1. Can you tell me how many residues within segment 54-73 are β-branched (Val, Ile, Thr) and more than 19 Å from TRP119 (Cα to Cα)?
2. Do we find that ILE126 is surrounded by 14 or more Cβ atoms within 10 Å (Cβ to Cβ) and either in contact with a helix residue (DSSP H, G or I) (Cβ under 7 Å, 6 or more places away or on another chain) or assigned to a strand (DSSP E or B) (or both) in this structure?
3. How about segment 80-107: which of its residues are under 20 Å from GLN53 (Cα atoms) and either basic (Lys, Arg) or modelled with pLDDT of 90 or more (or both)?
4. For segment 49-61, which residues satisfy the criterion of being of a type outside the set (Val, Ile, Thr) and within 15 Å of PHE95 (Cα to Cα)?
5. Do you know which residues across segment 22-35 are of a type outside the set (S, T, N, Q) and in contact (Cβ under 8 Å) with a residue 60 or more places away in the chain?
6. PHE141 versus (1) assigned to a strand (DSSP E or B); (2) at pLDDT 95 or above; (3) of a type in the set (Phe, Trp, Tyr): which is the lone unmet condition?
7. Which one is farthest from ASP23 (Cα to Cα), of the residues in segment 129-147 that are loosely packed, with under 15 Cβ neighbours inside 10 Å and in contact with a helix residue (DSSP H, G or I) (Cβ under 8 Å, 6 or more places away or on another chain)?
8. Restricting attention to segment 63-105, which residues are surrounded by 14 or more Cβ atoms within 10 Å (Cβ to Cβ), in a strand (DSSP E or B) and over 16 Å from the mean Cα position of the chain (by Cα)?
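The values are calculated or read from the model by the stated rules, or taken from the named source; none is laboratory data. Model, not experiment: these values are computed from the prediction. Because the Cβ atoms are built from the backbone with ideal geometry, glycine has one as well, and the counts that use them run over all protein chains shown.
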Amino acid sequence: MPDQTDIQPVEAAGGVVFRQVTDTRDPHVLMIFRNGVWDLPKGKLEPSESVAQCAVREVAEEVGCALPCIVAKTGTTYHEYSEKGNQIGKTTHWFTMILTGQNTSFEPQENEGITKVQWVPLSEAIEKAGFKNLKEILITFREQIVK
């Protein structure tokens, strides 16, 4: 286990983009398939960028859509990983979002390892999510949005 002082902090942000579907109470969530795992769009904060600006930019870049609209703050996750011999501690700020345009197709950001962008029913998204902290964010989203 590395000494806490050896962990490089990274700030990131992302979105739980959703849409209501008329024939069900289960909203659909926009998921990405990145490097063989179902994920949510997110990315690292750029200098002088707020976490909200980062979340909106990253969602738009990773799924190939117009800038989404933030509805609410959903939560924060933290995880550690190794990258190029460094131990990284990533804090990701999550926002609930909607798309305001009529996006009927998406362009996966392939240079980020994203090969699919897909609307998934929330109950299925919780099961598909490839990381425990994503499942937790989706459950938090469900508690906020589904009444």
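1. 0
2. Working: surrounded by 14 or more Cβ atoms within 10 Å (Cβ to Cβ): yes; either in contact with a helix residue (DSSP H, G or I) (Cβ under 7 Å, 6 or more places away or on another chain) or assigned to a strand (DSSP E or B) (or both): yes.
Yes.
3. LYS90, THR91, THR92, HIS93, TRP94, PHE95, THR96, MET97, ILE98, LEU99
4. SER50, ALA52, GLN53, CYS54, ALA55, ARG57, GLU58, ALA60
5. ARG25, ASP26, PRO27, HIS28, VAL29, LEU30, MET31, ILE32, PHE33, ARG34
6. With respect to (1) assigned to a strand (DSSP E or B); (2) at pLDDT 95 or above; (3) of a type in the set (Phe, Trp, Tyr), PHE141 is out only on (1).
7. Here the residue is ILE139.
8. Of everything in segment 63-105, those that are surrounded by 14 or more Cβ atoms within 10 Å (Cβ to Cβ), in a strand (DSSP E or B) and over 16 Å from the mean Cα position of the chain (by Cα) turn out to be GLN87, ILE88, GLY89.
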